[in-house]
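Asks: A single structure is presented below for examination.
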Amino acid sequence: IGILNLTGASMVSVTVDDPVYGIVYDEEYDISQVPLQSTWWHWFFGTRSAASNQVVIQDIPAYPNAEITISITGNTSLAVGVIVLGQANQFSLGMKYGARLGIQDYSRKETNDFGDIVLIERAFAKRATYEIFLDNSEVDQLQSYLSSVRAKPVLWIGSNEYEATTIFGFYKNFDILLSYTDHSECSLEIE
């Protein structure tokens, strides 16, 4: 389950209730705002930001007849960008250091006849380029999978260590380099 682009949320609760086995999963995730720095002054007077703007859960047990309940608690600005449910597919031996992360900003910055700059804020898209190691036995499976999800939005999780590597989108291109006798490398560009 991926719950992404949360605004104003403080708590997310996920329950999986199977009609035969009862409640098989019940977890709460605290994503309330925290100070940007860890001093007493910042705790009481400093600026706070959300600990996270997403919750990604990868350990939901598979019960085909279960009912999933997602509860999100927050303030008056509570909003959710997208909730993604699906079967996880894992490829690679790991992501190489040197992943490129960023955004594509679609805001307009125009200069009028008097030299004034007019800024019009618009949406943006997260982007990433991952370099991953593959076992050579995964090469055909990965190419087949990537071909099957072309032009389809997918939840991509580059690393559990960095939230910024989680992107809901599509891949622009990929290249697989058969570089070693046991391992290969893949470059995957996601938007």
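The values are calculated or read from the model by the stated rules, or taken from the named source; none is laboratory data. Not measured: the values here are computed from a predicted model. All Cβ positions, glycine included, derive from the backbone under ideal geometry; neighbour counts span all protein chains shown. Protein only, heavy atoms only, side chains kept; ligands, DNA and RNA dropped before computing areas. Shrake-Rupley method; radii C 1.70, N 1.55, O 1.52, S 1.80 Å.
Asks: Looking at (1) outside any strand (DSSP E or B); (2) open to solvent by less than 70 Å² (accessible area, probe 1.4 Å); (3) out of contact with any Phe, Trp or Tyr (no Cβ under 8 Å at 6 or more places or on another chain), which is the only condition Gln87 fails?
Replies: It is condition (2) that Gln87 fails.
Asks: Would you point out the residue of the range 1-28, among those that are modelled with pLDDT under 95 and on the phi > 0 side of the Ramachandran plot, that is farthest from the chain's Cα centre (by Cα)?
Replies: Gly8
Asks: From the residues in the range 15-31 that are open to solvent by less than 40 Å² (accessible area, probe 1.4 Å) and in contact with a Ser or Thr (Cβ under 7 Å, 6 or more places away or on another chain), which one is nearest to Ile157 (Cα to Cα)?
Replies: Ranking the candidates gives Ile31 first.
Asks: With a cut-off of at least 3 residues that are not aliphatic (A, V, I, L, M), name the strands (runs of 3 or more DSSP E) lying wholly within the range 1-46.
Replies: Per the criteria, 7-18, 22-30.
Asks: Moving on. Of the residues that sit in the range 54-68 and are of a type in the set (S, T, N, Q) and open to solvent by 60 Å² or more (accessible area, probe 1.4 Å), which one is nearest to Ser187 (Cα to Cα)?
Replies: Among residues in the range 54-68 that are of a type in the set (S, T, N, Q) and open to solvent by 60 Å² or more (accessible area, probe 1.4 Å), the one nearest to Ser187 (Cα to Cα) is Gln58.
Asks: Let me ask something else. Just for strands (runs of 3 or more DSSP E) wholly inside the range 105-146: which have at least 2 residues that are surrounded by 14 or more Cβ atoms within 10 Å (Cβ to Cβ) and touching a strand residue (DSSP E or B) at 6+ places or on another chain (Cβ under 7 Å)?
Replies: 124-135
Asks: While we're here: On the basis of being out of contact with any Gly (no Cβ under 6 Å at 6 or more places or on another chain) and free of Cβ contacts under 8 Å to residues at least 24 places away in the same chain, does Asp105 make the cut?
Replies: yes
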